[in-house]
Amino acid sequence: MPRFRFPRPRRPPQCLVLAVVSAGCWLIGSPAAWAASSVLAVATIDQTISNITTWIVGLLAGLATLFLTIGGVRYLMAGGDPGEVEKAKGALRSAGQGYMLAILAPVIVTVLKKMVGA
């Protein structure tokens, strides 16, 4: 009796990939988007540190969301393969750690500012 084989995951259609890439390039390279932005001057070091902390939290949350998505897709596509399930769990664990770092980043910056005396 032949064993049941799970179907191979299908690739997304090329037109979908092309649409997503072209939309991303349009949003990033739009002259209207660049013309609307203005250069802002920072008055104090505290404001600079606050801005950098905000950027770091945003990047950490974005990366954690990416790892969460990758882990979820891997878990769904594992098909019962124990190795793939472990890889998916590792990606989900990394996403959790990324979210924890994003939550703790402002706290860490505040503690370091108090230690330095700023």
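The values are calculated or read from the model by the stated rules, or taken from the named source; none is laboratory data. Here the structure is a predicted model, which is why all the values come from computation and not from measurement. Please note: Cβ atoms are built from the backbone with ideal geometry, for glycine as well, and neighbour counts cover all protein chains shown.
Annotations
- The set of residues in the range 82-118 that are part of a helix (DSSP H, G or I), closer than 18 Å to ASN51 by Cα and of a type in the set (A, V, I, L, M) comprises LEU101, ALA102, ILE103, LEU104, ALA105, VAL107, ILE108, VAL109, VAL111, LEU112.
- Filter pass, LEU76 being within 22 Å of ILE52 (Cα to Cα) and without any contact (Cβ under 8 Å) to a residue 40 or more places away in the chain: no
- Filter result (of a type in the set (Ser, Thr, Tyr) and surrounded by 13 or more Cβ atoms within 10 Å (Cβ to Cβ)) within the range 51-87: THR53, THR65, TYR75
- Total residues in the range 98-112 satisfying the condition of being surrounded by 14 or more Cβ atoms within 10 Å (Cβ to Cβ) and within 26 Å of THR44 (Cα to Cα): the figure is 5.
- Sole exception among (1) surrounded by 16 or more Cβ atoms within 10 Å (Cβ to Cβ); (2) modelled with pLDDT under 90 for ALA95, by number: (2)
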